[in-house]
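A.B. asks: Have a look at the structure that comes next, please.
The values are calculated or read from the model by the stated rules, or taken from the named source; none is laboratory data. As the structure is a computational prediction, the values presented were derived from the model and not from experiment. As a convention, Cβ positions derive from the backbone with ideal geometry for all residues, glycine included, and neighbour counts pool all protein chains shown. Side chains are part of the model used for accessible areas, which takes the heavy atoms of the whole protein and leaves out ligands, DNA and RNA. Shrake-Rupley method; radii C 1.70, N 1.55, O 1.52, S 1.80 Å.
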Amino acid sequence: MSTSTPRTSAQNAAQELIARSNRLGADPKNTNYAGGNTSAKGTETDPVTGEPVELVWVKGSGGDLGTLTESGLAVLRLDRMRALVDVYPGVEREDEMVAAFDYCLHGKGGAAPSIDTAMHGLVDAAHVDHLHPDSGIAIATAADGEALTKQIFGDQVVWVPWRRPGFQLGLDIAEIKRQNPQAVGCILGGHGITAWGETSEEAEKSSLWIIDTAAAYIAEHSKAEPFGPALEGYAALPDAERRAKAAALAPTIRGIASADRPMVGHFTDSDAVLDFLASAEHPRLAELGTSCPDHFLRTKVKPLVLDLPAGASVEDSIARLKELAVTYREDYQAYYDRHATPESPAIRGKDPLIVLVPGVGMFSFGKDKQTARVAGEFYVNAINVMRGAEGLSTYAPIDESEKFRIEYWALEEAKLQRMPKPKPLATRVALVTGAASGIGKATAQKLAAEGACVVIADLSLEKAIEAAAELGSTDVAVGVQVDVSNADAVQAAVDAAVLAFGGVDLIVNNAGLSLSRSLLETTEKDWDLQHDVMAKGSFLVSKATAKVMIEQELGGDIVYISSKNSIFAGPNNVAYGAAKADQAHQVRLLAAELGEHGIKVNGVNPDGVVQGSGIFASGWGANRAAVYGVEEKDLGKFYAQRTILKREVLPENIANAVFVLCTSDLSHTTGLHIPVDAGVAAAFLR
Ligand SMILES: NC(=O)c1ccc[n+]([C@@H]2O[C@H](COP(=O)([O-])OP(=O)(O)OC[C@H]3O[C@@H](n4cnc5c(N)ncnc54)[C@H](O)[C@@H]3O)[C@@H](O)[C@H]2O)c1
Ligand SMILES: [Zn+2]
C-alpha cells in the first residue's frame, strides 16, 4: 500500500476536520441527521518511541457531523490499519474487522470506530468525506445511475456498484482511487457519495462540487412532474382542516404504530410530504421503500400509506387505517421470513414507523421524540431522493434482501443491545395543567427527568413556553395555552399535545387557584371561578384526554392534584374545599369508569406547599397567615410544625408522588389518594 500521501501535522488535522465536518453537517442538503463521516490523516510523535507515527482521525460511531467535537473522533494508527489488509479473511467475514479496528486505536478516549472506518483509513488521500446528500443518492438510486454518473461528472467521479458498508467497500474505493488518479470522489450505488482531497479545503470542495453538480443537473434535466400528474382529490387540505384531521387521526395511528411496543410520534405536513401524497405515483414509489443504509432502522423498509383521498371522513379513515395495519404487519412478517437466517436477530416489531395520510401529512414514530422526528426527516430525504431519481430516470433502490441484511445486521443489533436501559417513563406523553408554576412545574420537571415527553399547559402561553424551555428542547417539552374551564380551549390544547408527540398517556389535573373567604364573604362569582377551574376544568381535561387514550388503546394515567382540604374542614374555605372535594370524587368515579380501558385514575392530596406556589404568593398566603396568626414569611415553618412529621412540604414531594403513581410499580392501583402533607391526622383517609 502506498504511504506517499502528504500528511498534515496532528493538531491541525483534527481541528480542520472538526471545522469541515461542522460546516458540512450544518446544511441538510449535504447529509442526513447523524449520517456520513469524515476523516483526516496526519503525523504525531509517538510517546512510546519518540518517532513520528501516522494517524487517521475519523468520525466514530454515533453522533452528527454538524455537532461533531473531538470526543466524537476515533484516532487510529495507519500502519496497523493498513496491516489489516493482510489478515482480512474475505467479504463473508468482513464484520470481524470492526472488532480488529479496536487494536489499531492510538491513545485512549475518543469514539468507537464505525463500520465506515475502512473507507477512510484505506483510501490513500489525506482527507476523506463520506456523505448522504439527497442529490447524490438520487443519482445513486437511479436505474441508470452508472451512465448518469459518467454523463454528469465525466471521469471526475466514479461509479461504485452497491455494496453493504464495510471493509470490502473500503478496499473497493481505495482501488478505484488508485485506478482513477484524476477522480475527486465516487457515487456509491444505492447509498451516497465519497469524496477526497489532499487538503481539508480540497476534500470539502470535492464534496460540495459533487453535491451541487448533481443537484444542478437534476434541476436542469428533470422531467416536469417526477411524481406523475396530480391525483384528483389528493391535494393538501386547507391548514386548519388539515391539522384538525391530523389531530383526530393521531391517537389511532399512534396505537397502530405501538401495537408491539409504545412509541412517541412526530407529525410533519411540509410541502415535500403533501406534494408527494398529492401525486399519482406516490403509491408505487412508497411501496419501493427507501434506499440509504441509514434509513431502514429508522423508517422500516416501507411506510404505511392510507389509500383514501384527502376528503375521506375521520371515521372512514380510521376504519381503513386499521385494515391496512393488519396487512402491514402480515407483510412485514413475510419480509422477515423471506430473508431471515438462523443467525438473524429476532424480529423487532411489525408496526410501521412512517404512516402517510394524503391531504394531511406524515406521522413518524420512535422510542423518543428525537428518534420519531429524525425518522420523519429521513422519509423526507427519501422523498427528495425519489423525486430526483424519477425526474432523471427510474427510482431503483437496493434489493429487498440487501435492505434486510442492513436492518438485521448483527453489528446493528449489537449496537441496539448496548443502548442504555430506557427511563421509567420513556415513550409516555404527559400533559400537566397549570404547569408554569409551583406544584405543576415541579411535576413537569420530574416527569421529564424520568423520560416522559411533557406538555406544559397554562393560562399564559409565554409562561408555558418558558417553563417548557427550562426542561430542554421541544423534543422534551412544549408549552401550550389553555384555560381549563373552557371546553374549546381544552380541546385545542389536547390537539396541540397530540400533534407535538403523537398522543397523550399521562394527565395531571393540577391547574387551580384559591380564594380564602368565609361563607358570608364568598360571592357567587368566587364560587363559580373555583368550581370552573378545578371541578369543571379537570372534568373537561379528563374527558378530552380519555378519548385520546381510549383510541390509542395503550392505557394511561390520570392524576388529580386534589388537596387535604377535599376532606378536611377548616374555616374560610367553602368554595375551594368544595371544589377540591368534587375533584376527589371525580378520581373515584373515573377510576371506576375508565378501568376497562387500562386507564388508572388517582389523586394526590398536598397541604401547605408554600415554596414556589403562586397561590400562596398571591394573597392566599397572607390570608392563611392572618387566619393562623403568624407572619407570612414563616408560614411554611408554621405548617411544618403543625404536621406529624414536622417537615415542610415542597413541590418536589408532590411531584414524586405523581411519578410513583404512574410507574409500573403501582400498575395495580387505581382510585387512590396519596396524602403528601407531612402527616395531618385530621386528613387521614379511611
Ligand atoms: N400549594 C399548596 O399548598 C396546595 C395544597 C393543596 C392543593 N394544591 C393544589 O395544587 C395545584 C397547584 O397549586 P400551586 O400551589 O402550585 O399553585 P400555583 O398558583 O403556583 O400554580 C397554579 C397554576 O395553575 C394555573 N391556572 C390557574 N387557572 C387556570 C386555568 N383556568 N387554566 C389553566 N391554568 C390555570 C396558574 O396560571 C398557575 O400557573 C392547585 O390545584 C392547588 O389547589 C396546592
Ligand atoms: Zn453511508
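A.B. asks: Can you compute 3J(HN,Hα) from phi for each residue in the range 217-232, using the Karplus curve 6.51 cos²θ - 1.76 cosθ + 1.60 with θ = phi - 60°, rounded to whole Hz and x for Gly and Pro?
C.D. replies: With coefficients 6.51, -1.76 and 1.60, one gets 5, 4, 4, 7, 9, 5, 5, 5, 10, x, 9, x, x, 4, 8, 4 Hz.
A.B. asks: So what is log10(I(q)/I(0)) for the range 292-349 at q = 0.15, 0.29 1/Å, when the Debye sum runs over its Cα atoms only?
C.D. replies: Per q value, in the given order, log10 I(q)/I(0) is -0.59, -1.21.
A.B. asks: Can you give the Rg/Rh ratio of the range 276-373, where Rg is from the C-alpha atoms and Rh is the Kirkwood radius?
C.D. replies: Here Rg/Rh amounts to 0.98.
A.B. asks: Write down, largest first, the equivalent ellipsoid semi-axes of the range 140-188 in whole Å, where each equals the square root of 5 times an eigenvalue of the alpha-carbon gyration tensor.
C.D. replies: 18, 15, 6
A.B. asks: If you don't mind, there's one more thing I want to ask. On full extension of the chain, what length is gained from VAL630 through ARG23, given 0.36 nm per residue of separation minus the C-alpha to C-alpha distance?
C.D. replies: Difference between extended and current length: 212.3 nm.
A.B. asks: Which percent, to the nearest 5, of DSSP beta bridges fully inside the chain are antiparallel?
C.D. replies: So the antiparallel bridges in the chain amount to around 50 percent.
A.B. asks: Tell me the volume per residue, in Å³, of the convex hull enclosing the alpha carbons of the range 378-536.
C.D. replies: For the range 378-536, the hull spanned by Cα atoms encloses 159 Å³ per residue.
A.B. asks: Still on this model: How large is log10 of I(q)/I(0) for the range 246-317 at q = 0.18, 0.20 Å⁻¹ when the intensity is taken from the Debye formula with one equal scatterer per alpha-carbon?
C.D. replies: Log10 I(q)/I(0), no solvent term: -0.92, -1.14.
A.B. asks: A follow-up question, please. What value does the range 199-251 have for Rg/Rh, both radii from Cα atoms and Rh as Kirkwood defines it?
C.D. replies: Answer for the range 199-251: 1.31.
A.B. asks: Amide H of ALA436 versus every other amide H placed in the peptide plane: which residues, excluding those fewer than 5 positions away on the same chain, fall under 5 Å?
C.D. replies: For ALA436, whose amide H was placed from the backbone, there are no distant partners under 5 Å.
A.B. asks: Taking every pair of alpha-carbon atoms in the range 151-254, give the share separated by more than 25 Å as a whole percent.
C.D. replies: Every Cα pair in the range 151-254 considered, those over 25 Å come to 47 percent.
A.B. asks: Only four residue types carry charge here, +1 at the Cβ of Lys and Arg and -1 at the Cβ of Asp and Glu. Report the dipole size of the chain about the Cα centre in Debye, rounded to the nearest 20.
C.D. replies: 1940
A.B. asks: Could you run the Karplus curve 6.51 cos²θ - 1.76 cosθ + 1.60 with θ = phi - 60° over the range 284-294 and give me ³J(HN,Hα) per residue in whole Hz, x for Gly and Pro?
C.D. replies: Rounded to whole hertz, the list is 5, 5, 4, 5, 5, x, 8, 10, 4, x, 5.
A.B. asks: Using a 1.4 Å probe and counting only protein heavy atoms, arrange GLU323, GLU377, GLU412, GLU343 so the residue with the most accessible area comes first.
C.D. replies: Largest to smallest exposure gives the sequence GLU343, GLU323, GLU377, GLU412.
A.B. asks: Do the alpha carbons of any pairs in LYS41/LYS177; LYS547/LYS600; LYS600/LYS637; LYS423/LYS580 sit beyond 23 Å of each other, and which pairs?
C.D. replies: LYS600/LYS637; LYS423/LYS580
A.B. asks: Bin width 5 Å, alpha-carbon pairs only: give the P(r) of the range 581-686 as whole percents, running from 0 to the bin holding the largest distance.
C.D. replies: Distribution as computed: 2, 12, 18, 19, 18, 13, 9, 5, 2, 0 percent.
A.B. asks: Across all directions of projection, what mean area in square nanometres is found for the Cα convex hull of the range 80-238?
C.D. replies: 13.4
A.B. asks: Would you report the distance distribution of C-alpha pairs in the range 39-93 as whole percents per 5 angstrom bin, up to the bin with the largest distance?
C.D. replies: Computed distribution, short to long bins: 4, 16, 20, 18, 19, 14, 8, 1.
A.B. asks: Against the longest alpha carbon principal axis of the chain, how many degrees, from 0 to 90 and to the nearest 10, is the axis of helix 314-339 turned?
C.D. replies: 40
A.B. asks: Could you state the number of Å between the C-alpha centres of the range 312-368 and the range 393-431?
C.D. replies: 14
A.B. asks: How big is D for the range 209-348, in µm² s⁻¹ as a whole number, if Stokes-Einstein is applied with the Kirkwood radius of its Cα pairs at 10 °C and 1.306 mPa s?
C.D. replies: This corresponds to a translational diffusion coefficient of 90 µm²/s.
A.B. asks: Binned at 10 Å from 0, what are the whole-percent values of the Cα-Cα distance distribution for the chain, short to long?
C.D. replies: For the chain, the pair-distance distribution reads 3, 14, 21, 20, 16, 13, 9, 4, 1, 0.
A.B. asks: Another question, if that's okay. Beyond 20 Å, what share of the Cα-Cα pairs of the range 323-402 remains, rounded to the nearest whole percent?
C.D. replies: Beyond 20 Å sits 51 percent of the P(r) for the range 323-402.
A.B. asks: In degrees, nearest 10, range 0 to 90: what is the angle between the Cα axis of helix 10-26 and the longest Cα principal axis of the chain?
C.D. replies: With both axes taken from Cα atoms, the answer is about 60 degrees.
A.B. asks: Mind pulling the angle between the C-alpha long axis of helix 167-179 and the longest principal axis of the chain? Nearest 10 degrees, somewhere in 0 to 90.
C.D. replies: 40
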